[in-house]
Amino acid sequence: MHRTIQTIRSSTFSSLRNANFRLYFISQAVSITGMWMQNIGQAWLVLELTGSGTALGLVTALQYLPMLLFGPFAGVIVDRYPKRKLLFITQTLSSILALILGVLVLTSHITLPILYILALLLGFVNAVDNPIRQTFVYEMVGASEITNAVTLNTMESSLGRVVGPAISGLLILTIGIAPCFLLNALSYLGVIFMLLVMDTKKLNQLPTVKRSSGQLMAGFRYVAASPILKHTLIIVAIIGTLTYEFSINLALFGEYTFHEGVRGYTMLSVAFGFGATIGGLFSAHRKRISTNMFTTTTLLFGLAILATSVSPVLPIALVGMVIVGVFSVNVISMATILLQLESKPEMRGRVMALLAVGFLGSTPIGGPIIGWIGEHIGARWSMGVSGAAAVIAALYGYVMLEKNYCPSIIPTIKLAVQQLPQQKEDRLV
């Protein structure tokens, strides 16, 4: 029994045996928490400055708009340059922007137009940073551990969205808003330090692509020619636009359905994060993944949201959100793994940038839609639309991906297949 538990624990955290990834994982835990502290602090700052929900929506839209409009081009940049150096630059810029915001708030010099500009600048940085981090994980652990590493990263992000808001709420109530930004600026230093001390000789560095015309369109053509990449990204775009709007749905659900205000929103968020942690631990030891597993998990994800939307009382809704969290972390990690393993190394940055566009860049489109439904029709309806979107995405996947059904992608085999052309070239030489 003890040996079985030890084996499960070893397989669940297997990627952490990699020293570089272990450093990255620890530093990201601090950085993600700081990021969510800034998100909550920024929301409170907007409301404190204006008291306007429209202004809050505009700040959020500005922060994600660059990813929507320029995300594909950011992927070209990621493919052209070494990932570690790019990540060092984006983390430094993010820290500087957070520091500027914190100092302006602390000295009472912050204004709404300045906040808009800083949010937009951070959006441009994140448009490049997101695909870098996805591809850099691959460089650290390789194909054999990418499934485990991506799942642990996704679980870590879910935990950060619970811990970060809790800390920021405490800071805002006791000290003020400025520490949310100043501490976030400090949190990036952990990632920067990690990048400086990691063993670069042990990185599986992806080949960089020389600058040439037509690289952006080449990325689109590459995705269009691969059914698995194309249809997986379409599914991600659907659920990214309408389903992953939990910050809006849970706030509306807690306030207008159960009349619990901030308390209800916090409890629902914690339940979601708890479920994501369970789901992450369960799936972290998975060694195989298939398109059918991805679409089935997406279907169960949507059904869980639909069931939660009709919860008669808050305790049942909390149980529902735990289940939603379990499937949520699996859906996004499976999509990431499929895209990582199905894309060529020289195209991976552009593919992961399109993932960021579909999952995060769609927020300026889906957020107002879900918010309008929740405000004018009802919070249960907005949650229901989110669940229905995931169900529709899954049904689309069953139809389109079944034609190109991949029964079981095993990372180590995928790595061998990707290396075959290079091995042939070596033999010719």
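The values are calculated or read from the model by the stated rules, or taken from the named source; none is laboratory data. Nothing here was measured: the structure is a model prediction, and the numbers come from that model. All Cβ positions, even for glycine, are placed from backbone atoms using ideal geometry, and neighbour counts span all protein chains on display. For accessibility, only protein heavy atoms count, side chains too; no ligands or nucleic acids. Shrake-Rupley method; radii C 1.70, N 1.55, O 1.52, S 1.80 Å.
Are any residues in the range 89-102 β-branched (Val, Ile, Thr), touching a residue at least 40 places away in the same chain (Cβ under 8 Å) and open to solvent by 40 Å² or more (accessible area, probe 1.4 Å), and if so, which ones?
Of everything in the range 89-102, those that are β-branched (Val, Ile, Thr), touching a residue at least 40 places away in the same chain (Cβ under 8 Å) and open to solvent by 40 Å² or more (accessible area, probe 1.4 Å) turn out to be 92, 96.
Give me a count of the residues in the range 142-152 that are surrounded by fewer than 24 Cβ atoms within 10 Å (Cβ to Cβ) and under 16 Å from residue 27 (Cα atoms).
Result for the range 142-152: 0.
If you go through the range 233-268, how many residues are at pLDDT below 80, farther than 22 Å from residue 336 by Cα and out of contact with any helix residue (DSSP H, G or I) (no Cβ under 6 Å at 6 or more places or on another chain)?
So the answer is 3.
Here are some conditions: (1) without any contact (Cβ under 8 Å) to a residue 12 or more places away in the chain; (2) of a type outside the set (Val, Ile, Thr); (3) part of a helix (DSSP H, G or I). Residue 312 meets all but one. Which one does it not meet?
So residue 312 meets the others, but not (3).
So in the range 354-397, with the set limited to residues that are crowded, with 22+ Cβ neighbours inside 10 Å and hydroxyl-bearing (Ser, Thr, Tyr), which one is farthest from the chain's Cα centre (by Cα)?
Filtering the range 354-397 for residues that are crowded, with 22+ Cβ neighbours inside 10 Å and hydroxyl-bearing (Ser, Thr, Tyr), the one farthest from the chain's Cα centre (by Cα) comes out as 382.
Among the residues of the range 279-296 satisfying the criterion of being in a helix (DSSP H, G or I), at pLDDT below 85 and open to solvent by 40 Å² or more (accessible area, probe 1.4 Å), which is nearest to residue 400 (Cα to Cα)?
Step by step, filter the range 279-296, then rank; the result is 282.
Please work out if residue 295 is β-branched (Val, Ile, Thr) and over 30 Å from residue 346 (Cα atoms).
Against the criterion (β-branched (Val, Ile, Thr) and over 30 Å from residue 346 (Cα atoms)), residue 295 does not qualify.
Go through the residues of the range 129-140 one by one and say whether even a single one is out of contact with any helix residue (DSSP H, G or I) (no Cβ under 6 Å at 6 or more places or on another chain), open to solvent by 30 Å² or more (accessible area, probe 1.4 Å) and of a type outside the set (D, E, K, R).
No - not one qualifying residue is present in the range 129-140.
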